[in-house]
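Asks: Input: one structure, supplied below.
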Number of protein chains: 2
Amino acid sequence: MSTTDGPAPARAATPGAEAGSGTGRDAIVRAARRAFTLRPYAEVTLRGIAADAGVSPSLIVKRFGSKEALFNTVADFGAAADALFAAPPPELGRHMVLTMVELRDRFGGDPLLRVVFSLGIEDERTLLRARFREQVTDRLAGALAGPDARLRAELIAGQLLGLGATLSLHRPDGAGAHARPERLADLYAPGLQRLVDGT
Amino acid sequence: MSTTDGPAPARAATPGAEAGSGTGRDAIVRAARRAFTLRPYAEVTLRGIAADAGVSPSLIVKRFGSKEALFNTVADFGAAADALFAAPPPELGRHMVLTMVELRDRFGGDPLLRVVFSLGIEDERTLLRARFREQVTDRLAGALAGPDARLRAELIAGQLLGLGATLSLHRPDGAGAHARPERLADLYAPGLQRLVDGT
């Protein structure tokens, strides 16, 4: 299950950013996402990620440098936020629903949902959540006009996470999996748009 | 973090259902929730749960019987669904938001969110998700009138999961944590109500 939920559009999804790609890179990134999502940061080791990815620890060091650098590569919601928020406010609700469905299809996984998996972990370090707040919620709050922008941004983030969660939960035979994206948007976008408008 | 997210109102929350309560029971239930949420079912052992709970494995067997029986005790969304859906359709959106906030406060954790944590696990067994679909989504779909009831039920479940996710993610200093429940409902309930109405 996590193999389809874990992956997400990191910066590497941006055209041109795959320059460093090559043998093992994708496997390392996938293993690192799994590790940082499912285990406390302190317990994650490059050795464990290497074993999961089927590569040598030295290859990870060569490609990514330190554990912190690898974390920073995989814990990035920036590209997803770029895509999700790329519409003027009056059209943002519908755009976010359609983009969420498209990103999930394109990358075979949800672009945001792993931050929720991380809530299940006993972890003093909340790096993944801090990154999400900064790259998704804070950015959105800054783009919203009207009262309670921060609260509305949190609730919009919630509805986006909830959309991905329910589509993943009800696979493969759920109604959401078979619905046309336009129909999903008809039903789900109005609530999002209302939060965007703040009225 | 998970200590405040993991717990949820199981049947034990129902008055009278605590009859079997006693030393160690709560610790066992908490440890079991953690284990079944964070690890594949096949990897969960009563011995591991006992160690986490600080009790003997034989006490778990005495109190709960088998691993399967223990799973069935902790993987129960029925009491949460009872509370969340206890309003007539025209008032259901607002009722669900206020009830979600109340349940989270009362039990020190989210009543539904652990089903999302389970998506992060590689697991052939999807018992927790099957239970959620049956106790939350199917039940809700059966209570909705109008077209696309199943799809709308999935999206309502998504918005409920998303509300819990965003409140947990943005703790302790998030705007949602400081907002009055009534204000949360003003903002979040209209989208839910629209999905209930199906218009």
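Asks: As an exercise: evaluate A:ARG180 against (1) out of contact with any Leu (no Cβ under 6 Å at 6 or more places or on another chain); (2) closer than 23 Å to B:LEU167 by Cα and give the number of the one condition it does not meet.
Replies: With respect to (1) out of contact with any Leu (no Cβ under 6 Å at 6 or more places or on another chain); (2) closer than 23 Å to B:LEU167 by Cα, A:ARG180 is out only on (2).
Per-residue answers, yes or no, for (1) over 19 Å from A:ALA165 (Cβ atoms); (2) in the same structural domain as B:ARG30 (by TED's automatic domain parsing); (3) of a type in the set (Asp, Glu):
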residue: B:LYS67; (1), (2), (3): yes, yes, no
residue: B:ALA86; (1), (2), (3): yes, no, no
residue: B:MET100; (1), (2), (3): no, no, no
residue: B:LEU113; (1), (2), (3): no, no, no
residue: B:VAL136; (1), (2), (3): no, no, no
residue: B:ALA141; (1), (2), (3): no, no, no
residue: B:GLY146; (1), (2), (3): yes, no, no
residue: B:ALA149; (1), (2), (3): yes, no, no
residue: B:ALA153; (1), (2), (3): no, no, no
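Asks: Residues that are more than 7 Å from chain B (Cβ to nearest Cβ) and within 18 Å of B:LEU169 (Cα to Cα): which helices (runs of 4 or more DSSP H) entirely in region A:135-191 hold 2 or more of them?
Replies: A:139-143, A:149-169
Here is a yes/no grid of residues against (1) open to solvent by 10 Å² or more (accessible area, probe 1.4 Å); (2) under 30 Å from B:ALA35 (Cβ atoms):
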position	(1), (2)
A:PRO90	yes, no
A:MET96	no, no
A:ALA145	yes, no
A:ALA149	yes, no
A:ILE156	no, no
A:THR166	no, yes
A:HIS170	no, yes
A:HIS178	yes, no
A:ALA185	no, no
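Asks: Only one residue in A:ALA86, A:ALA80, A:ALA50 is away from chain B (no Cβ under 14 Å), open to solvent by less than 30 Å² (accessible area, probe 1.4 Å) and more than 17 Å from A:GLY158 (Cβ to Cβ). Which one?
Replies: The unique qualifying residue is A:ALA50.
Asks: Which number in (1) buried (at least 18 other Cβ atoms within 10 Å of the Cβ); (2) within 24 Å of A:GLY158 (Cα to Cα) marks the one condition that A:PHE64 misses?
Replies: Tallying (1) buried (at least 18 other Cβ atoms within 10 Å of the Cβ); (2) within 24 Å of A:GLY158 (Cα to Cα), A:PHE64 fails exactly one: (2).
Asks: Could I ask something else about it? Of the residues A:ARG104, A:ARG133, A:ARG114, only one is modelled with pLDDT of 90 or more, among the basic types (Lys, Arg) and under 24 Å from B:GLU154 (Cβ atoms); which?
Replies: A:ARG104
Asks: Among the residues of region A:26-83, what is the count of those that are more than 15 Å from the chain's Cα centre (by Cα) and of a type in the set (Asp, Glu)?
Replies: Count: 4.
Asks: A further question follows. Kindly indicate whether B:GLY164 is touching a His at 6+ places or on another chain (Cβ under 9 Å) and under 29 Å from A:GLN135 (Cα atoms).
Replies: no
Asks: Within region A:95-105, is even one residue in contact with a Lys or Arg (Cβ under 8 Å, 6 or more places away or on another chain) and among the acidic types (Asp, Glu)?
Replies: Taking every residue of region A:95-105 in turn, none turns out to be in contact with a Lys or Arg (Cβ under 8 Å, 6 or more places away or on another chain) and among the acidic types (Asp, Glu).
Asks: Of all the residues that make up region A:151-182, how many are of a type outside the set (A, V, I, L, M, F, W, C) and under 20 Å from the mean Cα position of the chain (by Cα)?
Replies: The qualifying residues number 12.
The values are calculated or read from the model by the stated rules, or taken from the named source; none is laboratory data. Everything quoted here is computed from the prediction, not taken from an experiment. Here the Cβ is made from the backbone with ideal geometry for all residues, glycine too, and neighbour counts use every protein chain on show. Ligands, DNA and RNA are stripped out before the accessible areas are found, and what is left, the full protein with its side chains, is counted by its heavy atoms. Shrake-Rupley method; radii C 1.70, N 1.55, O 1.52, S 1.80 Å.
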